[in-house]
Structure formats: C-alpha cells, structure tokens
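The values are calculated or read from the model by the stated rules, or taken from the named source; none is laboratory data. Keep in mind that this is a model prediction, so the values were computed, not measured. Methodologically, a virtual Cβ is constructed for each residue, glycine included, from the backbone with ideal geometry; neighbour enumeration extends over all protein chains shown. Side chains are part of the model used for accessible areas, which takes the heavy atoms of the whole protein and leaves out ligands, DNA and RNA. Shrake-Rupley method; radii C 1.70, N 1.55, O 1.52, S 1.80 Å.
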Amino acid sequence: MRTAICPGSFDPVTYGHIDIIQRAAKIFDKVIVGVLVNVEKKPWFTIEERTDFLRKTVGGLENVEIAGFDGLLVDFAAKHQADVIVKGLRAVSDFEYEFQMALTNSKLNRQIETVFLTTSAENMYLSSSIVKQVGLLGGDIAPFVPECVRDEILTRIAKMR
Ligand code: PNS
C-alpha cells in the first residue's frame, strides 16, 4: 500500500489545494493531508479551523485523512508509514523553494520521495495569501475557495474592520 502526504499551512484551503489533493487521491492508495500546526507567518485561522475546512472540502474522499503536524515533515511522514510527499507546483517562482525543501527532506530521510504535480491552468495564480488579500480589498473570492471557506474569510474580515 502506497501512502502519500499532502502537506501545507492551508490558511485557508483553496481550490488549488483541493485539486492537488483530489488528484493525489487518484494516484495513491491513501493520502494524508498534513496541516502545519505552527505556521511561521501569523495564520488567520487556528489549526482547528484550518483542519475543519479541509474536513468539509476533502474529508468526503474515502482514502483521504486529515491530521495536524508539528516538527519535521519527514518525521510526520514516517510516523504514518508514508514514503511520498506530494506538492503542487504552480509557476517557476515556486520551483527554487520547493526544490530546496525536497532536497532537504531527502537528506533527512532517504526513504521518502517528493513528487510534484503541476497545478491545473486555472489555479496557476492561486495562493491562500492572494485570496485573503483580494477579500480584504473587497474583491469577489468565490472563484478561489469553497463557499464555507469564503463565509469564514468574510466573517474574519468583517471583524477586522
Ligand atoms: O503551505 P505551505 O506554507 O507552503 O507549506 C509549507 C510546509 C508545511 C510544506 C513546510 O513548511 C514544511 O514542510 N514544514 C515542516 C518543517 C520541515 O520539515 N522543515 C524541513 C524541510 S524544508
């Protein structure tokens, strides 16, 4: 059985993440979505909220599990008997950082491979921070995030005002 980890901050989950998780779930027997607990950049949403959004959006896929993690990603993967890390690659700009992380992870644990899925064309530009920025500036975020996530972003923005 082949288990893969889809790691991220998911602050919050976007259609870009959902696309990668759905596609990974078709390739691997089991996919564990690893939600980073202590996000360096101050997150908008708590680990419980970020996990809850993922449960609502991809929790219905029968071979997908969602779990929080802290510390090294390779340790989280090993703990779950996963030997693949799946990342979405958007533009060339993602490449250097992702390459650095993949090489570091490979040095830390040779058993774990990083696999990149190219993002679908319609999600090329998408990131959680862009979605939050568009929302803060009053733009329509419906094309970027599911309705339940959009509602929570808008509630958060309303509280900031
Ligand atoms: O969604 P993000 O913020 O781009 O996800 C980044 C993530 C969670 C994949 C990355 O920060 C990570 O793997 N953190 C765990 C710490 C770790 O293992 N560091 C060493 C490898 S670079």
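The figures follow:
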| quantity | calculated |
| --- | --- |
| Calculated on alpha-carbon atoms, Rg and Dmax of the range 1-68 in Å | 11.4, 37 |
| Cβ crowding within 10 Å averaged over residues, with 78-90, 34-46, 99-111, 13-25 ranked highest first | 13-25, 78-90, 34-46, 99-111 |
| Estimated 222 nm signal from helices in the chain, with DSSP H stretches of n ≥ 4 weighted -39500 (n - 2.57), rounded to 500 | -14000 deg cm²/dmol |
| Candidate lysines for bridging to Lys107, where Cα separation is under 27 Å - those fewer than 8 sequence places away on the same chain excluded | Lys30, Lys41, Lys79, Lys87 |
| Between the range 4-18 and the range 117-145, the Cα center-to-center distance that results, in Å | 13 Å |
| Relative contact order (%) - criterion: Cα under 8 Å, at least six apart; region: the range 29-112 | 30 percent |
| HN-Hα J in Hz across the range 127-138 - Karplus 6.51, -1.76, 1.60, θ = phi - 60°, x for Gly and Pro | 8, 4, 5, 5, 4, 5, 5, 4, x, 4, 8, x |
| Sulfur and carbon atoms: percent of accessible area, the range 22-144 [1.4 Å] | 54 percent |
| FRET E, pair Val134, Val39, Förster distance 22 Å, beta-carbon r, rounded to 0.05 | 0.65 |
| Additional length obtainable on full extension of the chain from Lys107 to Met124, 0.36 nm per residue less Cα span | 3.2 nm |
| Relative contact order of the range 22-161, pairs being alpha-carbon contacts under 8 Å that are 6 or more residues apart, as % | 19 percent |
| Estimated Rh, the chain: Kirkwood, alpha-carbon pairs, angstrom | 16.1 Å |
| Enclosed volume per residue, in Å³, of the convex hull spanned by Cα atoms of the range 68-161 | 136 Å³ |
| Compactness relative to 2.2 N^0.38 Å, alpha carbon Rg of the range 31-109 | 1.17 |
| Residue among Glu49, Glu65, Glu96 with the largest mean-square fluctuation in a Gaussian network model of the chain, springs linking Cα atoms under 10 Å | Glu96 |
| Amide N of the range 90-107 lying under 13 Å from the label point, which is placed 7 angstrom from the Cα of Phe116 along Cα→Cβ | 90-103 |
